[in-house]
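Below you'll find the structure, written out as structure tokens, and then a few comments.
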Amino acid sequence: MNRAIRKGGPIKALGAMSGTSLDGVDTAVVETDGHRIIGFGPSGYRAYSEAERTDLRAALGHWHGPAVDKAAELVTFAHAEALSEFEDIDLIGFHGQTLAHEPGGRGTLQVGDGKGLAQALGVPVVWDFRSDDVAMGGEGAPLAPFFHFACAKWIGATEPLCFLNLGGVGNLTYVDPSFDGPEIPGTLLAFDTGPANAPVDDLMQARLGLPMDRDGAVARGGTVETGALELFLAEPFFARMPPKSLDRNDFAEMIGLVQELSDADAVATLTGMCAAGVVQGMEHCPKLPSRVLVTGGGRHNPVLMEMLRVSLDCPVEPVEAVGLDGDMLEAQAFAYLAVRVARGLPTSCPGTTGVKALVGGGVLSAVGSSSSLR
């Protein structure tokens, strides 16, 4: 094992994230001891081609078979390309690509060969972050909250605040930075709020051949259909107490609720559903947060951001307002979590995933080793 990892001091970790929006691979360096953020390093992005996105979409919702095998090979290759751009890295955190997520059922599936990446890149790799959490009764998601706690400390926050990630699925982390550690009960509450960009992206692709509603341009010209919104909020998911999580396609029927609407009204309504899910979720926060910091692609949508601002009783801002990088926060999170896994520290707790006890989920594949260690 790398000497820097054994010593216990700060190390340079490189994280990689390929989210449910299927846009590409984010890569980012974090220097950390597994507790504090010491500093942020360079970042990068490797976009998926349209053909690659088509192959990944074909594998969504599947647990095995040729489409899954093809997606796994694609994901490993794309990550090898993206990660090879960095030098002087001690450890890599490799999330892989989520194809299916069914906690309490068949489990969770993130494809990609972490062991193969370790051998190809010559750097130890931590991967398969979610399986142990699910095996112990947790939701397996969201996993960024422990990093969000470190970010709250990094920016010097003293009052409770929320991090809201709007990727393919939305998830919320409530952080009370007055506590000394993320594993202490009461420090964190985290859960998925509902679908976010995924339904909008899928509708834009199906109707207009476009990957997204860039800058909310289509939604801005439409009107939210309140009847469809009410049917959406009647889904049992919103009545469940957190922690709770979703698969990307759990709300696939949302498209059906807007199928008779014009393009603009349909996109506006799906955007309104994303905002409504967040508003519903905020009711679970122990206290009104001092602010909501938004990360992920959704923060670039001014229509969605305005919906949130007029609906919530606290400031809503992109995370750039406090000097963080909203495009790279998840990649940075898995760099940070990789260090925690390598040093035997927990990565999730009852307040973040509903797991029964503290869990340090992940597989560590060392360079030159024929085995992987949990």
Are there any pairs, at least 6 apart or on different chains, whose C-beta atoms fall under 6 Å, with the first in region 319-341 and farther than 13 Å from residue 15 by Cα and the second outside any loop (DSSP other than H, G, I, E, B) and of a type in the set (Ser, Thr, Tyr), and if so, which? 319/295; 326/295
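Under the condition of being in a loop (DSSP other than H, G, I, E, B) and among the small types (Gly, Ala, Ser), which residue from region 303-360 is least open to solvent (accessible area, probe 1.4 Å)?
Looking only at region 303-360, we keep the residues that are in a loop (DSSP other than H, G, I, E, B), and these are 312-315, 323-328, 343-347, 349, 354-358, 360.
Within this subset, residues satisfying the condition of being among the small types (Gly, Ala, Ser) are 323, 326, 344, 354, 357, 360.
Values: 323: 63, 326: 5, 344: 65, 354: 34, 357: 43, 360: 40 Å².
So, considering only residues that are in a loop (DSSP other than H, G, I, E, B) and among the small types (Gly, Ala, Ser), the one least open to solvent (accessible area, probe 1.4 Å) is 326.
Which of the residues belonging to region 159-173 are out of contact with any Gly (no Cβ under 8 Å at 6 or more places or on another chain), within 27 Å of residue 105 (Cα to Cα) and open to solvent by less than 10 Å² (accessible area, probe 1.4 Å)? Break it down stepwise before answering.
Start the filter on region 159-173 by keeping residues that are out of contact with any Gly (no Cβ under 8 Å at 6 or more places or on another chain), which leaves 159-163, 171, 173.
With within 27 Å of residue 105 (Cα to Cα) added as a condition, the list becomes 171, 173.
Scanning region 159-173 gives a single hit, 173.
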Condition met for residue 204 (among the hydrophobic types (A, V, I, L, M, F, W, C) and within 20 Å of residue 298 (Cα to Cα)): yes
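Among the listed residues 156, 186, 137, which satisfies the condition of being open to solvent by 40 Å² or more (accessible area, probe 1.4 Å), part of a loop (DSSP other than H, G, I, E, B), modelled with pLDDT under 95 and not aliphatic (A, V, I, L, M)? Before you say what the answer is, go through the steps one by one.
Working: 156 fails: modelled with pLDDT under 95; 186 fails: modelled with pLDDT under 95.
Just one listed residue meets the conditions, 137.
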Filter region 198-253 for residues that are in a helix (DSSP H, G or I), open to solvent by 30 Å² or more (accessible area, probe 1.4 Å) and either touching a Gly at 6+ places or on another chain (Cβ under 8 Å) or under 14 Å from residue 278 (Cα atoms) (or both) and give the result. 229, 233, 239
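Which one is nearest to the chain's Cα centre (by Cα), of the residues in region 254-271 that are touching a residue at least 12 places away in the same chain (Cβ under 8 Å) and open to solvent by 10 Å² or more (accessible area, probe 1.4 Å)? Talk me through it step by step, then tell me what you get.
Looking only at region 254-271, we keep the residues that are touching a residue at least 12 places away in the same chain (Cβ under 8 Å), and these are 254-255, 257-258, 261-271.
Add one more test, that the residue is open to solvent by 10 Å² or more (accessible area, probe 1.4 Å), and what stays is 255, 257, 261-265.
Numbers: 255: 22, 257: 26, 261: 30, 262: 31, 263: 28, 264: 27, 265: 28 Å.
Per the criteria, the residue is 255.
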Only one residue in 251, 179 is touching a Pro at 6+ places or on another chain (Cβ under 8 Å) and aromatic (Phe, Trp, Tyr), so which one is that? 251
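Conditions (1) farther than 16 Å from residue 337 by Cα; (2) open to solvent by 30 Å² or more (accessible area, probe 1.4 Å); (3) in a helix (DSSP H, G or I), marked per residue:
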{"position": "20", "(1), (2), (3)": "yes, yes, no"}
{"position": "35", "(1), (2), (3)": "no, yes, no"}
{"position": "40", "(1), (2), (3)": "no, yes, no"}
{"position": "55", "(1), (2), (3)": "yes, yes, yes"}
{"position": "93", "(1), (2), (3)": "no, no, no"}
{"position": "119", "(1), (2), (3)": "yes, yes, yes"}
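Could you run through region 273-287 and say how many residues are open to solvent by 10 Å² or more (accessible area, probe 1.4 Å) and more than 18 Å from residue 352 (Cα to Cα)?
Taking region 273-287 and keeping what is open to solvent by 10 Å² or more (accessible area, probe 1.4 Å), we get 276, 279-280, 282-287.
Checking the rest, the ones that are also more than 18 Å from residue 352 (Cα to Cα) come to 276, 279.
Residues flagged as open to solvent by 10 Å² or more (accessible area, probe 1.4 Å) and more than 18 Å from residue 352 (Cα to Cα) within region 273-287 amount to 2.
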Testing residue 101 on (1) modelled with pLDDT of 95 or more; (2) closer than 18 Å to residue 362 by Cα, one condition comes back false. Which one is that? (1)
Residue pairs meeting the criteria (Cβ under 6 Å; at least 6 apart or on separate chains; first more than 12 Å from residue 16 (Cα to Cα), in region 28-57; second among the basic types (Lys, Arg) and open to solvent by 30 Å² or more (accessible area, probe 1.4 Å)): 31/12; 34/343; 55/70
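The values are calculated or read from the model by the stated rules, or taken from the named source; none is laboratory data. Note that the structure is predicted; figures quoted are calculated from it, not measured. Every residue, glycine among them, receives a Cβ derived from its backbone with ideal geometry; neighbour counts consider all protein chains shown. With ligands, DNA and RNA removed, areas are computed over all heavy atoms of the protein, side chains included. Shrake-Rupley method; radii C 1.70, N 1.55, O 1.52, S 1.80 Å.
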